[in-house]
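Participant: This is the structure I want to talk about, given as structure tokens.
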Amino acid sequence: MKIALAQLNYHIGNFEANTKKIISAIQQAKEAAADLIIFSELAIGGYPAKDLLRSKAFKHQCDEAIHQIAAHCQDIACIIGAPVKNSDPEGKELYNTAVFIEHGAVRNIVKKGLLPDYDVFDEYRYFEPSRRFDCIELNGVKIALTICEDLWDDDEGGNSYVGDPMAELRKENPDLLINIAASPFSYTHFDERIKVLSQQVTKSGRPLIYVNQIGAHMDIIFDGRSIALNNEGTKIAELKSFEEDLQFVTYYQQNITSTTASSKESIAEMALIHDALILGLRDYFQKSGFKKAVLGLSGGLDSALVAALACEALGADNVLAILMPSVYSSDHSIKDAMDLVNNTGCKHYIVPIKDIANAFEHSLAPLFEGLQPDTTEENIQARARAVILMAASNKFGNILLNTSNKSEAAVGYGTLYGDMAGSISVIGDVYKSKAYDLARYINREREIIPVNTIEKAPSAELRPDQKDSDSLPEYDLLDQILFELIENEKAGSEVVAMGFEKSLVERVCKLVNNAEFKRFQAPPILRISPKAFGPGRQIPLVAKYPY
């Protein structure tokens, strides 16, 4: 039996484009004489559709798309993810399902049982969990068909549910395991994914096909990398990362083979992060109907990173970099910014903010009489820059890119309505220490980000001789503490027990907790880590935080 793995990039709610893409893949598979084609979880409608799943029009279009796709499955069977109505008046209105189509009609609907509600997931809000699990059959082959999380409930995973779909399906002694998924990317996730899939092969002694989607839907990015494992758990096929792909495997006598050689090499972490950010930025613009971007370019590392990524994702002609030097901007920062402009070929304009900042301070002088300058005057400069950037955004229709990194966002080292402005935060899930590695990766073939930008000490340049280290611990140390507090979700006392200085950990914890109100108003972030700020980390704005 020849099986096609269809790894596609879906656009939430764009039924016409999605259905056309799905039918095209079915036609390609038919031309290759495939017996079965497999698509990812909730391919129909897109994932995550969130409260669109409550829309009657959306649900009706999902049903219509299933019927359209089924009409093209006369000579090929199809497995595709879709939301399907729950006929029982009790419970949630929808099931998250894998629709099995054969001979032009829906033959079976497999319902998802384990509905994640951790991190970025919130499936219990929309779907009723299934409590029955049965194999399906195609051409005499008994298939254990599951949807994403239904394969992940292992005893060691920490996401314990009541019931284990795979344990029930193994009782039927299936010949083949198939899992359709919408598994978001993080730079640590692939190894965990392979481990879970391999464990299921080991438990059943049967080959496994796993089909994921690719694409970005604002903050969530899908990496694809769909996989086929033979009955010994050896990877015999792996689809592309962050690209659409269609590959074939052959099932025969409880095993699968592939004529396409599977790469044995792992993908470097920085390559994954880079490709994820490029896809996230590109999809955000294309799926939203935007074409052009604007950002503030300071000569510092973060804005240089965002500019370089934007030029690669959108094309240099579609990126406008605005240099806004102040009286504190050094000559080398202006030169570094111009070197970046020349290296990328993006458009640029220079708008000095000295007179603007002076005008604000002059107007506020009576109100501030007798008070010494402090961060207020620094923030005025940052907000003046935001006004300029938003003016350009309004006038030219360019979307403002935020350039803050994760370290700054974590400790509140940014000005609300100033340098925190933007429609999308491109590197808001990249710690400062990783930002240096990412810059070096971008420069792997030629200098795009000026070397001096990477090597010089970071500074906001909002007061004379300012350095980030004046206000913060060195980033290498700070980021280690932040990773334990955020990604590993440890309490401050646990971090101290790891050997970090107590006073330093207490200080960092206070900074993180006090900045929650800022992050609540920050732009959405492209998620590339196991725990990003945003929907995957929901913290009360007003609370007494445990230490």
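Participant: With charges set only on the Cβ (+1 for Lys and Arg, -1 for Asp and Glu), what does the dipole of the chain come to about its Cα centre, in debye to the nearest 20?
Facilitator: Working: 56 positive and 75 negative charges, 214 e Å.
Roughly 1020 debye, rounded to the nearest 20.
Participant: Would you kindly derive the ³J(HN,Hα) couplings of region 61-78 from the backbone phi angles with the Karplus curve 6.51 cos²θ - 1.76 cosθ + 1.60 (θ = phi - 60°), listing them in order in whole Hz, with x for Gly and Pro?
Facilitator: 5, 4, 4, 5, 5, 4, 5, 4, 5, 4, 4, 9, 10, 6, 10, 7, 8, 9
Participant: For region 115-218, what does the relative contact order come out to in percent, with C-alpha contacts under 8 Å and a separation of six or more? Walk me through the numbers on the way to the answer.
Facilitator: Details: 118 pairs, mean separation 25.9, N = 104.
In percent, rounded to a whole number, it is 25.
Participant: Enumerate lysine pairs in region 60-193 that are 8 or more residues apart or on different chains, then count those whose Cα atoms are under 25 Å apart.
Facilitator: The number of close lysine pairs in region 60-193 is 9.
Participant: For the chain, build the charge dipole from Cβ charges (+1 Lys, Arg; -1 Asp, Glu) around the Cα centre, then report which of Ala365, Ser40, Met498 sits farthest towards its positive end.
Facilitator: Ser40
Participant: Find which of Ile486, Phe248, Gln28 sits farthest along the positive direction of the dipole of the chain, computed with +1 on the beta-carbon of Lys and Arg, -1 on that of Asp and Glu, about the Cα centre.
Facilitator: Gln28
Participant: Could you tell me which residue out of Phe290, Asn514, Pro530 lies farthest along the dipole of the chain toward its positive end? Charges go on the beta carbon: Lys and Arg +1, Asp and Glu -1, centred on the Cα centre.
Facilitator: Of the options given, the answer is Phe290.
Participant: From Cα pairs below 8 angstrom and at least 6 apart in sequence, can you work out the relative contact order of the chain, rounded to a whole percent?
Facilitator: The value is 12 percent.
Participant: Counting other Cβ atoms within 10 Å, which chymotrypsin sites (Phe, Trp or Tyr not before Pro) in region 246-285 have at most 13 and lie in a DSSP loop?
Facilitator: Details: sites: Phe248, Tyr251, Tyr252, Tyr284, Phe285; in loops: Tyr252.
Listed in order of number, the matching sites are Tyr252.
Participant: Loop-only chymotrypsin sites (Phe, Trp or Tyr not before Pro) in region 344-398, please: DSSP not H, G, I, E or B, and at most 16 other Cβ atoms within 10 Å.
Facilitator: Numbers: sites: Tyr349, Phe360, Phe368, Phe396; in loops: Phe368.
Of the chymotrypsin sites (Phe, Trp or Tyr not before Pro), the ones in loops of region 344-398 whose Cβ has at most 16 other Cβ atoms within 10 Å are Phe368.
Participant: Could you give the size of the charge dipole of region 272-468 about its Cα centre, using +1 on the Cβ of each K and R and -1 on the Cβ of each D and E, expressed in debye and rounded to the nearest 20? Walk me through the numbers before you get to the answer.
Facilitator: Numbers: 19 positive and 24 negative charges, 129 e Å.
The dipole magnitude comes to about 620 debye.
Participant: Each residue of region 243-254 in turn: what ³J(HN,Hα) in whole Hz from Karplus with 6.51, -1.76, 1.60 and θ = phi - 60°, glycine and Pro shown as x?
Facilitator: 9, 5, 7, 9, 10, 10, 10, 10, 9, 7, 6, 6
Participant: Out of all DSSP beta bridges with both ends in the chain, state the antiparallel percent to the nearest 5.
Facilitator: Bridges in the chain that DSSP calls antiparallel: roughly 55 percent.
Participant: Which of the aspartates and glutamates could be linked to Lys30 by a straight reach, that is with a Cα gap under 16 Å, when you skip same-chain ones fewer than 8 residues away?
Facilitator: Straight-distance partners of Lys30: Asp75, Glu102, Asp245.
Participant: Expressed as a rounded percentage, what relative contact order does region 2-253 have, with Cα pairs under 8 Å and six or more residues apart?
Facilitator: Working: 548 pairs, mean separation 50.8, N = 252.
This gives 20 percent for region 2-253.
Participant: Moving on to the next point. If you plug each phi of region 342-350 into the Karplus form 6.51 cos²θ - 1.76 cosθ + 1.60 with θ = phi - 60°, what whole-Hz ³J(HN,Hα) values come out, in order, with x for Gly and Pro?
Facilitator: The phi angles translate into 5, 5, 8, x, 6, 6, 8, 8, 10 Hz.
Participant: To continue, here is another question. Cβ neighbours within 10 Å, averaged per peptide: list 472-484, 136-148 in order, most packed at the top.
Facilitator: On the way: 472-484: 18.9, 136-148: 20.6.
Descending packing order for the listed peptides: 136-148, 472-484.
Participant: Setting aside same-chain residues fewer than 8 positions from Lys467, which lysines have a Cα under 17 Å from its Cα?
Facilitator: Lys432, Lys456
Participant: Placing unit charges on C-beta atoms (Lys and Arg positive, Asp and Glu negative, everything else neutral), compute the dipole magnitude of region 432-524 about its Cα centre in debye, rounded to 20. Write out the running numbers ahead of the final one.
Facilitator: Details: 14 positive and 18 negative charges, 46 e Å.
For this selection, approximately 220 debye.
Participant: Are there GluC sites (Glu not before Pro) in region 359-398 that DSSP marks as loop and that have at most 13 other Cβ atoms within 10 Å, and which are they? Mind showing how you got there, number by number?
Facilitator: Values: sites: Glu361, Glu369, Glu377, Glu378; in loops: Glu369.
The qualifying sites are Glu369.
Read the figures in this text as sums done on the coordinates, not as results from a lab. Here the structure is a predicted model, which means the values were calculated and not measured. Reconstructed Cβ throughout: ideal geometry from the backbone, glycine too, with neighbour counts over all protein chains shown.
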